[in-house]
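The values are calculated or read from the model by the stated rules, or taken from the named source; none is laboratory data. These figures come from a predicted structure and were not determined experimentally. All Cβ positions, even for glycine, are placed from backbone atoms using ideal geometry, and neighbour counts span all protein chains on display. Accessible surface is based on the protein model in full, side chains and every heavy atom, while ligands, DNA and RNA are left aside. Shrake-Rupley method; radii C 1.70, N 1.55, O 1.52, S 1.80 Å.
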Amino acid sequence: MTGDPRVSPPHLGGERETLRAFLDYHRTTLAMKCEGLDDEQLRERSMPPSTLSLLGLVRHMAEVERAWFRRVFEDGDAPMVWSDKVDFQAAYDASRSTRAEAFAAWEAEVENSRRIEREAASLDVAGYQPRWEQEVSLRMVMVHVLLEYGRHNGHADFLREGVDGTVGA
């Protein structure tokens, strides 16, 4: 990994600015963990029988972004990226995936999520979570997705170290 391109979240920012900055910080962290690796390295699995890999995490986070922003605030019937049903596990199997494919999907979903957040009048805007059959606020969605990134970036730390020994942010 080269220099750190992440922008630190504000120490005294408002709620929305802080949530937005932390999400972008974690999105950039995931991309950093994959930096400099080829497709084969990105597909290296953690340990049998798990299908968990860095590329699988990128694919999974594309699904998370879609499920929590697009499906909640725009189209509850939008199909998932890598499964015919809402199956987040399907994304983890990156055995036939490529960096180009996975990152294109993830980056498109991130941009869509950013647009939805920017266009929302406030964090109190509610959308409908079809899996829960309940309304949820944009605030809840942003916190949930932030927690997903935090969890999976921890996995990415170990996966990257296993691939080539690289540790750190």
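Give region 32-44 a look and list any residue that's under 14 Å from Glu161 (Cα atoms) and either assigned to a helix (DSSP H, G or I) or open to solvent by less than 40 Å² (accessible area, probe 1.4 Å) (or both), or say none.
Those that are under 14 Å from Glu161 (Cα atoms) and either assigned to a helix (DSSP H, G or I) or open to solvent by less than 40 Å² (accessible area, probe 1.4 Å) (or both): Met32, Lys33, Cys34, Leu37, Gln41, Leu42.
Which of (1) out of contact with any Pro (no Cβ under 8 Å at 6 or more places or on another chain); (2) crowded, with 17+ Cβ neighbours inside 10 Å is the odd one out, the single condition Met47 does not satisfy?
(2)
Can you pull out every residue in region 88-108 that is open to solvent by 30 Å² or more (accessible area, probe 1.4 Å) and within 13 Å of the chain's Cα centre (by Cα)?
Phe88, Ala104, Glu107, Ala108, listed by residue number.
Only one of Val72, Val58 is open to solvent by less than 20 Å² (accessible area, probe 1.4 Å), closer than 19 Å to Ser95 by Cα and either at pLDDT 95 or above or in contact with a strand residue (DSSP E or B) (Cβ under 8 Å, 6 or more places away or on another chain) (or both); which?
Val58
Would region 128-140 turn up any residue that is farther than 21 Å from Pro79 by Cα and outside any helix (DSSP H, G or I)?
There is at least one residue in region 128-140 that is farther than 21 Å from Pro79 by Cα and outside any helix (DSSP H, G or I).
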